[in-house]
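Engineer: Pasting a structure here, questions to come.
The values are calculated or read from the model by the stated rules, or taken from the named source; none is laboratory data. These numbers were taken from a predicted model, which means no experiment stands behind them. Because the Cβ atoms are built from the backbone with ideal geometry, glycine has one as well, and the counts that use them run over all protein chains shown.
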Amino acid sequence: MYEHIDTELNELVRQLPQAGEGFMTPAQADFLFHFILLTRPRLVAETGFNVGHSACIIMRAMEKYGGGTLVSFDIGRHDQTRIAAEIVKKRFENFHLILGDSKQTVPGHLPQIFNQHPQATLDFALVDGGHDMETAKTDLLVMDSMLKPGGYIWFDDFENANCRCVGVNIVGREFAAVRGHCVRFLTHDHRGMMLYQKAF
Ligand SMILES: C[S@@+](CC[C@H](N)C(=O)[O-])C[C@H]1O[C@@H](n2cnc3c(N)ncnc32)[C@H](O)[C@@H]1O
């Protein structure tokens with residue numbers, strides 16, 4: 001599925017269990033992989049691990065410039081999530097999965113990382129967890145509150161042509177209207193996402 005991007009990434013993703021729900025399409029994966037290579041974050045957080053497609057794309061891209069850390073949050077409603085996390089952990093030692101509702105786990109865990117490592121910055125966040133309005137909004141605002149100036153948030157499934165995610169669309173539009181610095185992308189394989197850069 002991702003052989004057009006990187007052979008190792010493709011091999012790794014082939015080992016993952018079947019996705020219970022959404023994943024990165026080939027065009028999104030291409031964009032995400034090269035966006036990470038271009039901007040070179042050292043610390044990334046994501047909501048919505050599922051079976052680890054976005055996690056593998058991010059970790060493999062970071063590996064290409066010396067590595068970085070990914071902290072992933074998922075409620076763990078699919079059995080495959082735990083199986084996939086073991087595969088990803090075995091391959092990348094700086095990958096961490098925190099299970100539970102992101103509305104509690106992200107504000108509960110991320111600040112601890114910055115308290116323990118005062119030099120660390122949240123450089124990039126991918127918001128792709130619960131798509132209901134409350135979860136999408138909380139995840140976006142909490143990630144933004146910890147993002148470094150100039151850092152990026154990828155808000156997945158915004159104005160997605162394949163699945164109309166009402167909560168994500170409303171939250172994304174409100175956020176963009178207030179914050180600005182947002183751009184919408186629609187891929188040729190019919191996915192949508194919004195990219196935000198925090199004022200710098
Ligand atoms: C669209 S999938 C993520 C896809 C993943 N980013 C990928 O590339 O394969 C959404 C995930 O969010 C998780 N999720 C749903 N509600 C959540 C919540 N309140 N807190 C944390 N994770 C949640 C689901 O369990 C699911 O695994």
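Engineer: Under 6 Å by Cβ, and 6 or more places apart or on different chains, what pairs join a residue from the range 92-112 that is closer than 16 Å to Ala55 by Cβ with one that is hydroxyl-bearing (Ser, Thr, Tyr)?
Structural biologist: What qualifies is Asn94/Thr69; Leu97/Ser72; Ile98/Thr105; Ser102/Thr47.
Engineer: A follow-up question, please. Condition check: of a type in the set (A, V, I, L, M, F, W, C), closer than 23 Å to His188 by Cβ and touching a residue at least 40 places away in the same chain (Cβ under 8 Å). Does Ile58 satisfy that? Before the answer, list the steps.
Structural biologist: Working: of a type in the set (A, V, I, L, M, F, W, C): yes; closer than 23 Å to His188 by Cβ: yes; touching a residue at least 40 places away in the same chain (Cβ under 8 Å): yes.
Yes, satisfied.
Engineer: Something else about it: Of the residues that sit in the range 25-39 and are over 18 Å from Gly192 (Cβ atoms) and touching a residue at least 40 places away in the same chain (Cβ under 8 Å), which one is surrounded by the fewest Cβ atoms within 10 Å (Cβ to Cβ)?
Structural biologist: The selected residue is Thr39.
Engineer: Does Val168 count as surrounded by fewer than 13 Cβ atoms within 10 Å (Cβ to Cβ), of a type outside the set (Gly, Ala, Ser), in contact with a strand residue (DSSP E or B) (Cβ under 9 Å, 6 or more places away or on another chain) and at pLDDT 95 or above?
Structural biologist: Details: surrounded by fewer than 13 Cβ atoms within 10 Å (Cβ to Cβ): no; of a type outside the set (Gly, Ala, Ser): yes; in contact with a strand residue (DSSP E or B) (Cβ under 9 Å, 6 or more places away or on another chain): yes; at pLDDT 95 or above: yes.
Answer is no for this residue.
Engineer: Do we have Gln104 as within 13 Å of the ligand (Cβ to nearest atom) and surrounded by fewer than 16 Cβ atoms within 10 Å (Cβ to Cβ) here? Steps first, answer last, please.
Structural biologist: Details: within 13 Å of the ligand (Cβ to nearest atom): yes; surrounded by fewer than 16 Cβ atoms within 10 Å (Cβ to Cβ): yes.
Answer is yes for this residue.
Engineer: Tell me the residue from Val166, Val127 that is out of contact with any Phe, Trp or Tyr (no Cβ under 8 Å at 6 or more places or on another chain) and of a type in the set (A, V, I, L, M), please. Show your work before the answer.
Structural biologist: Values: Val127 fails: out of contact with any Phe, Trp or Tyr (no Cβ under 8 Å at 6 or more places or on another chain).
Result: Val166 is the single residue among Val166, Val127 that is out of contact with any Phe, Trp or Tyr (no Cβ under 8 Å at 6 or more places or on another chain) and of a type in the set (A, V, I, L, M).
Engineer: Considering only the range 28-58, how many residues are under 21 Å from Phe158 (Cβ atoms) and away from the ligand (no atom under 13 Å from the Cβ)? Quick ask: steps written out before the conclusion?
Structural biologist: Applying the first criterion (under 21 Å from Phe158 (Cβ atoms)) to the range 28-58 yields 28-36, 38-39, 41, 44-50, 53-55, 57-58.
This time we only want the ones that are away from the ligand (no atom under 13 Å from the Cβ), so: 30, 34-36, 38-39, 41.
The number of residues fulfilling the criteria is 7.
Engineer: Hey, among Phe155, Phe114, which residue is at pLDDT 95 or above and away from the ligand (no atom under 11 Å from the Cβ)? Show your work before the answer.
Structural biologist: Details: Phe114 fails: at pLDDT 95 or above.
One residue alone meets the criteria, Phe155.
Engineer: Ok, one more. With the range 94-183 as the region, which helices (runs of 4 or more DSSP H) entirely inside it contain at least 1 residues that are closer than 15 Å to Asp74 by Cβ and either under 14 Å from the mean Cα position of the chain (by Cα) or of a type in the set (Gly, Ala, Ser) (or both)? Step through it out loud before you land on a result.
Structural biologist: Details: elements: 102-116, 133-146, 166-179.
Qualifying helices (runs of 4 or more DSSP H): 102-116, 133-146.
Engineer: Moving on to the next point. Taking the range 61-76, which residues are part of a loop (DSSP other than H, G, I, E, B), in contact (Cβ under 8 Å) with a residue 12 or more places away in the chain and more than 16 Å from the chain's Cα centre (by Cα)? Before you say what the answer is, go through the steps one by one.
Structural biologist: Let us first name the residues in the range 61-76 that are part of a loop (DSSP other than H, G, I, E, B), namely 64-68, 75-76.
Narrowing the set further to residues that are in contact (Cβ under 8 Å) with a residue 12 or more places away in the chain leaves 64-65, 67-68, 75-76.
Once the filter is applied, which keeps residues that are part of a loop (DSSP other than H, G, I, E, B), in contact (Cβ under 8 Å) with a residue 12 or more places away in the chain and more than 16 Å from the chain's Cα centre (by Cα), the range 61-76 yields Lys64, Tyr65, Gly67.
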